[in-house]
1. Among the residues that make up the stretch B:185-195, is at least one of them outside any helix (DSSP H, G or I) and either modelled with pLDDT of 95 or more or surrounded by fewer than 24 Cβ atoms within 10 Å (Cβ to Cβ) (or both)?
2. Take the stretch B:332-356 and flag every residue that is surrounded by 22 or more Cβ atoms within 10 Å (Cβ to Cβ), outside any helix (DSSP H, G or I) and within 14 Å of chain A (Cβ to nearest Cβ).
3. Scan B:Gly247, B:Gly274 and give me the residue that is open to solvent by less than 40 Å² (accessible area, probe 1.4 Å) and within 18 Å of B:Ile133 (Cα to Cα).
4. What is the residue count in the stretch A:14-30 for residues that are more than 7 Å from chain B (Cβ to nearest Cβ), surrounded by 12 or more Cβ atoms within 10 Å (Cβ to Cβ) and farther than 25 Å from B:Glu345 by Cβ?
5. If you go through the stretch B:142-158 one residue at a time, how many are more than 11 Å from chain A (Cβ to nearest Cβ) and without any contact (Cβ under 8 Å) to a residue 40 or more places away in the chain?
6. Just for the stretch B:53-72: of the residues that are of a type in the set (Gly, Ala, Ser) and either part of a loop (DSSP other than H, G, I, E, B) or in contact with a Ser or Thr (Cβ under 6 Å, 6 or more places away or on another chain) (or both), which one is surrounded by the fewest Cβ atoms within 10 Å (Cβ to Cβ)?
7. Do the conditions hold for B:Arg25, that is, is it in contact (Cβ under 8 Å) with a residue 40 or more places away in the chain, touching a strand residue (DSSP E or B) at 6+ places or on another chain (Cβ under 6 Å) and open to solvent by 40 Å² or more (accessible area, probe 1.4 Å)?
8. If I ask for residues that are open to solvent by less than 10 Å² (accessible area, probe 1.4 Å) and part of a loop (DSSP other than H, G, I, E, B), which ones from the stretch B:206-229 would you list?
Amino acid sequence: MCLAIPAKVVEISSNEEGVRRKAKADFGGVAREIDISLVDANIGDYVIVHAGFAIELLDEQEAKETLELWRELLEKLPENV
Amino acid sequence: MFRYQSEGLAKQIVAKLKDLKLTLRLMHVCGTHQDTLVRFGLNSMLQEAGIEVRPGPGCPVCVTTAREIEEAIALARSGKVVATFGDMFRVPGEKQSLADVKAEGHDVRMVYSITDCIAIAEKTDRDVVFFSIGFETTAPTPASVILHNPPENFSILSTHRIIPPAMEALINMGELKIDGFIDPGHVSAIIGADSYEFLSSRYNIPQVIAGFEPLDVLIAVYMLAMQIRNGEAKVENEYARVVKPEGNEKAKRIMNAVFEPCDISWRGFPVIPGSGLTLKDEFVDYDARKRYEDELSALSSDYKEPAGCRCGEILRGLVNPDECPLFGTMCTPQHPVGPCMVSREGSCNILLRYGTM
């Protein structure tokens with residue numbers, strides 16, 4: 001139920017005041033309309049999509065750094081274990 | 001795009017966990033974590049390192065009560081169009097599911113998003129009810145829809161629940177000693193890491209928010225093990241690429257504008273104070289429970305769980321699915337007895353699908 005998957009905002013199709021904000025998002029090659037009313041997303045942003053709504057932006061830099069941080073975490077700990 | 005699957009790194013993490021020589025029982029409260037744990041065989045890897053990860057009440061479909069399903073069924077029988085997510089479709093109430101009611105000729109629709117339900121309402125003069133389930137991940141979506149002037153023939157039957165009070169209830173029930181929580185990544189995307197602080201400070205319990213790739217979960221377990229080894233109890237965030245300390249402020253504002261907390265029972269649990277979300281009075285027109293009070297007035301206040309079904313105990317982390325006498329025999333995905341066998345996030349369904357804990 002709480003499954004959410006990343007997608008890239010490629011087009012903002014509706015952005016009027018008082019109307020649900022809609023965008024076209026690319027899910028790894030498949031384009032689909034999503035609702036972006038819950039986030040401040042711009043074209044090019046990665047978002048996490050759940051039940052047709054972007055629920056949060058995906059921090060690209062943070063994502064790229066995650067693996068590196070994990071390696072560091074694991075490497076620096078042997079002496080503590 | 002971003003993949004976090006590396007067998008080498010996974011083996012390294014498990015080796016380090018083994019070196020720690022701890023015996024731990026952790027709990028997660030998210031069906032998608034259960035899927036990752038079982039699908040990638042992480043449970044058995046972790047068991048070799050002395051670590052057991054039990055699923056708690058993390059499947060929203062599973063914790064929805066028989067009475068709530070009976071409410072949806074009653075509305076369908078009274079001629080409303082009832083729409084809901086696919087996972088909810090086949091969960092039995094006391095005897096029947098919404099799928100059974102549809103087979104009888106009533107109008108029940110399966111939708112991917114509440115926006116599909118709005119599209120249905122816009123094309124018909126009939127009343128359309130969205131059977132609105134889900135944790136904090138999902139609750140902002142009906143809230144947003146309601147704030148954007150949905151059609152007058154549209155309403156929701158809210159069964160939304162919030163996770164931290166259920167975690168607190170589990171601790172207070174004291175049936176199971178839990179050494180640490182793996183907190184749910186997408187619930188946390190909305191509510192933020194800070195929302196769990198009270199549990200660590202009040203109950204001295206370590207917590208790590210985790211993403212859903214196999215390495216996300218293994219690293220979270222490792223972080224929990226390190227907290228426990230170091231005698232710490234705090235909230236750490238492994239899923240920082242999505243989860244912020246404060247969460248999604250905009251989504252929270254929208255959710256809190258439309259919903260207010262209420263006391264609600266969860267399947268397998270007594271009433272948990274403040275763990276449900278009900279529509280505020282100003283949105284009464286969109287509240288199916290108030291709007292169709294007459295149609296719902298004949299419902300009993302107490303519905304029995306199916307005989308022999310152990311979903312309640314499974315949701316409290318007390319038993320594994322294969323300890324239920326109905327598992328895989330009387331209760332299968334084709335002929336489910338309890339909700340944990342229906343939902344793809346239910347522990348029974350996941351175990352039967354992948355074949356091993």
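The values are calculated or read from the model by the stated rules, or taken from the named source; none is laboratory data. These numbers come from a predicted model, not from an experiment. Using ideal geometry, Cβ is built from the backbone for each residue, glycine included, and neighbour counts are taken over all protein chains shown. For accessibility, only protein heavy atoms count, side chains too; no ligands or nucleic acids. Shrake-Rupley method; radii C 1.70, N 1.55, O 1.52, S 1.80 Å.
1. Yes.
2. B:Ser343, B:Glu345, B:Gly346
3. Selected residue: B:Gly274, the only one of B:Gly247, B:Gly274 that is open to solvent by less than 40 Å² (accessible area, probe 1.4 Å) and within 18 Å of B:Ile133 (Cα to Cα).
4. Adding up the residues that qualify gives 6.
5. 2
6. Initially, the stretch B:53-72 is screened for residues of a type in the set (Gly, Ala, Ser), giving B:56, B:58, B:66, B:72.
From the residues that got through so far, the ones that are either part of a loop (DSSP other than H, G, I, E, B) or in contact with a Ser or Thr (Cβ under 6 Å, 6 or more places away or on another chain) (or both) too are B:56, B:58.
Numbers: B:Gly56: 26, B:Gly58: 29.
Per the criteria, the residue is B:Gly56.
7. For B:Arg25, the condition - in contact (Cβ under 8 Å) with a residue 40 or more places away in the chain, touching a strand residue (DSSP E or B) at 6+ places or on another chain (Cβ under 6 Å) and open to solvent by 40 Å² or more (accessible area, probe 1.4 Å) - is met.
8. First pass over the stretch B:206-229, keeping only residues open to solvent by less than 10 Å² (accessible area, probe 1.4 Å): B:206-211, B:215-222, B:224-225, B:227.
Scanning the stretch B:206-229 gives B:Pro206, B:Gly211.
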